[in-house]
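Undergrad: Got a structure for you, written out below as structure tokens; questions coming shortly.
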Amino acid sequence: MKVLGIETSCDETAVAVVEDGRILSNLIGSQVELHARFGGVVPEIASRAHVEALDPLLGQALEQAGCRFRELDGVAVTVGPGLAGALLVGIAAGKAVAFATGVPLVGVNHLEGHIYANFLEHGPPAPPYVCLVVSGGHTMLVHMEQEHRYRVLGQTLDDAAGEAFDKIARFLGLGFPGGPALDRLARDGDPDAIRFPRSMANSGDYDFSLSGLKTAVLRHVKAEKAAGRDVDLADLAASFQEAIVDVQVSKTMSAAKETGAGTVLLGGGVVANTRLRERMERAGSEQGVRVLFPPIELCTDNGAMIARAGASRLERGERTSFDVGADPALELAG
Ligand code: KG4
Ligand code: ZN
């Protein structure tokens with residue numbers, strides 16, 4: 001089954017063709033430079049850039065896949081969560097392709113896409129799974145007893161993990177997006193240099209909170225400057241990252257233990273983080289749990305993950321009607 005995947009929920013215009021779990025093409029038109037000078041994604045700029053980029057990208061993705069529009073078996077498009085205007089651009093394109101070719105349309109939840117990015121790399125492992133979704137907008141632990149069935153175990157009460165990386169990077173003048181910059185800096189730093197708070201590490205549930213950590217980092221930098229000391233950015237980045245990763249690893253492993261899930265699936269842009277990958281892998285082998293994550297380029301937003309999740313829904317006979325709209329706050333479970 002050849003499925004076209006379209007993703008425009010935030011600041012990447014992404015189109016892919018996936019055939020039976022194999023990526024034939026996976027193109028991303030990044031808008032990072034358009035938003036960088038604002039220090040974050042500007043929704044109206046994102047929508048306009050999607051309008052400009054999507055049509056040529058669709059043509060290129062099909063060409064690279066060696067596939068004509070009429071040879072597609074389905075069209076999968078992100079319908080939420082995300083920026084309303086940005087989502088609508090992709091949805092309109094998806095409907096147009098599906099209508100013109102007569103192939104079925106399926107709407108995909110962006111977070112489900114992040115989870116299914118694992119299936120592109122590892123094939124579908126046997127459920128049940130515990131999934132940790134950590135992106136620019138979400139930090140969420142999910143129990144998945146079977147495919148497409150989600151029970152949210154916990155989520156962030158304030159900032160998402162990626163958002164915390166981006167805010168701290170902006171504060172330190174490292175540019176946008178902040179995750180990759182902090183990740184690089186942290187490689188030369190000591191994760192134990194500064195003991196930042198591990199908020200909610202012992203809360204006994206699966207919720208997260210990152211606002212206390214953010215404040216602690218700001219306070220630390222201000223205090224060091226006031227004392228006339230230079231801040232070692234590598235140590236700061238490594239210590240900040242460690243505080244986030246510690247809590248994510250321990251809660252994910254507790255969730256795997258409590259639910260009895262033998263497989264942990266990691267998804268979302270923050271899973272590109274070197275330390276998170278290392279620590280999760282180590283914790284998994286210690287606890288006898290299989291920890292899977294996508295290759296770096298499939299962690300951040302892409303069209304292939306949407307095509308893969310959509311293909312699985314299409315195979316189950318699911319169809320989305322042409323009156324579907326964008327749902328900026330679409331829930332995973334339900
Ligand atoms: O999943 P994604 O591409 O977009 C959303 O759905 O939000 O995630 C983007 C987020 C950004 O906040 C970015 O800073 C973060 O993922 N990110 C990272 C790394 N690469 C991207 N965070 C930590 N370490 C990284 N290497
Ligand atoms: Zn994402």
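Undergrad: In debye to the nearest 20, how big a dipole does the chain give about its Cα centre with +1 on each Lys and Arg Cβ and -1 on each Asp and Glu Cβ? Mind dumping the intermediate values first?
TA: Working: 31 positive and 43 negative charges, 51 e Å.
Roughly 240 debye for the chain.
Undergrad: Could you do me a favour and compute the accessible area per residue for the range 165-210, 1.4 Å probe, result in Å²?
TA: Working: 2390 Å² over 46 residues.
That works out to 52 Å² for each residue.
Undergrad: If you don't mind, another one. Ignoring chymotrypsin sites (Phe, Trp or Tyr not before Pro) that are buried or in helix or strand per DSSP, and keeping those with at most 16 other beta carbon atoms within 10 Å, what is the longest stretch of the chain between them? Can you show the working numbers first?
TA: On the way: sites that count: Phe38, Phe322.
The longest uninterrupted stretch comes out as 39-321.
Undergrad: May I pose another question? Of the candidates Ala169, Ala216, Ala49, which one comes out as most mobile in a Gaussian network treatment of the chain with C-alpha springs shorter than 10 Å?
TA: Ala216
Undergrad: Quick one: plug the Kirkwood hydrodynamic radius of the range 128-203 (C-alpha pairs) into Stokes-Einstein at 37 °C, 0.692 mPa s, and report D in µm²/s.
TA: In µm²/s, the coefficient rounds to 229.
Undergrad: A further question on this structure: Which entries of Lys167/Lys257; Lys214/Lys257; Lys167/Lys225 show an alpha-carbon separation above 21 angstrom in the structure shown?
TA: Too far apart for the 21 Å limit: Lys167/Lys257; Lys214/Lys257.
Undergrad: Here's another thing I want to ask about it. In Å², what does the accessible area per residue of the range 1-74 work out to with a 1.4 Å probe?
TA: With all protein chains present, the range 1-74 gives 48 Å² per residue.
Undergrad: Here's another thing I want to ask about it. Cα-based Rg (one decimal) and Dmax (whole number) for the range 169-297, in Å?
TA: 15.6, 51
Undergrad: Give the separation of the Cα centroids, the range 108-166 to the range 290-334, in Å.
TA: 11 Å
Undergrad: Moving on. Could you give log10 I(q)/I(0) at q = 0.10 Å⁻¹ for the range 239-334, computed by the Debye formula over C-alpha point scatterers of equal weight, without solvent?
TA: Log-scaled intensity ratios, in q order: -0.37.
Undergrad: Leaving ligands, DNA and RNA out of it, report the carbon-plus-sulfur percent of the accessible area of the chain at a 1.4 Å probe.
TA: Working: 6880 of 14030 Å².
Carbon-and-sulfur percentage of accessible area, whole number: 49.
Undergrad: Using the Cα centre of the range 131-227 as origin and beta-carbon charges of +1 (Lys, Arg) and -1 (Asp, Glu), tell me which of Gln146, Phe176, Cys131 is placed farthest towards the positive end of the dipole.
TA: Selected residue: Phe176.
Undergrad: Show me the three semi-axes of the equivalent ellipsoid for the range 104-260, from the C-alpha gyration tensor (sqrt of 5 times each eigenvalue), largest first, rounded to whole Å.
TA: Result for the range 104-260: semi-axes of 32, 17, 13 Å.
Undergrad: When the chain is treated as a GNM, springs tying every alpha-carbon pair under 10 Å, which of Ser25, Ser254, Ser135 comes out with the largest mean-square fluctuation?
TA: Ser254
Undergrad: Which ³J(HN,Hα) values in Hz, rounded to whole numbers, follow from the phi angles of the range 70-85 under the Karplus curve 6.51 cos²θ - 1.76 cosθ + 1.60, where θ = phi - 60° and Gly and Pro get x?
TA: Residue by residue, the range 70-85 yields 6, 8, 6, 9, x, 10, 10, 9, 5, 10, x, x, x, 7, 4, x Hz.
Undergrad: Give me the orientation-averaged projected area of the Cα convex hull of the range 198-249, in nm², one decimal.
TA: Quarter of the Cα hull surface area: 3.7 nm².
Undergrad: Same structure again: Report the per residue volume, in Å³, of the convex hull enclosing the C-alpha atoms of the range 49-145.
TA: 126 Å³
Undergrad: Can you give the Rg and Dmax of the range 1-62 based on its C-alpha atoms, in angstrom?
TA: 12.8, 41
Undergrad: While we're here: If you average 1/r over every pair of different alpha-carbon atoms in the range 107-172 and take one over that average, what Kirkwood value in Å do you get?
TA: In the range 107-172 this quantity evaluates to 13.0 Å.
Undergrad: Please give the per residue accessible area of the range 248-308, computed with a probe of 1.4 Å over protein heavy atoms only, in Å².
TA: Values: 2110 Å² over 61 residues.
That works out to 35 Å² per residue.
Undergrad: Please report the orientation-averaged projected area of the chain, defined via the convex hull of its C-alpha atoms, in nm².
TA: 16.2 nm²
Undergrad: Output needed: percent of Cα pairs per 10 Å distance bin for the range 151-243, bins running from 0 to the one holding the longest distance.
TA: Percent of Cα pairs in each bin: 17, 48, 28, 6, 1.
Undergrad: Each residue of the range 213-218 in order: what ³J(HN,Hα) in whole Hz does its phi give by Karplus 6.51 cos²θ - 1.76 cosθ + 1.60, θ = phi - 60°, with x for Gly and Pro?
TA: 5, 4, 4, 5, 5, 4
The values are calculated or read from the model by the stated rules, or taken from the named source; none is laboratory data. Computed from a predicted structure; not experimentally measured. Because the Cβ atoms are built from the backbone with ideal geometry, glycine has one as well, and the counts that use them run over all protein chains shown. Accessible surface areas use protein heavy atoms only, side chains included; no ligands, DNA or RNA. Shrake-Rupley method; radii C 1.70, N 1.55, O 1.52, S 1.80 Å.
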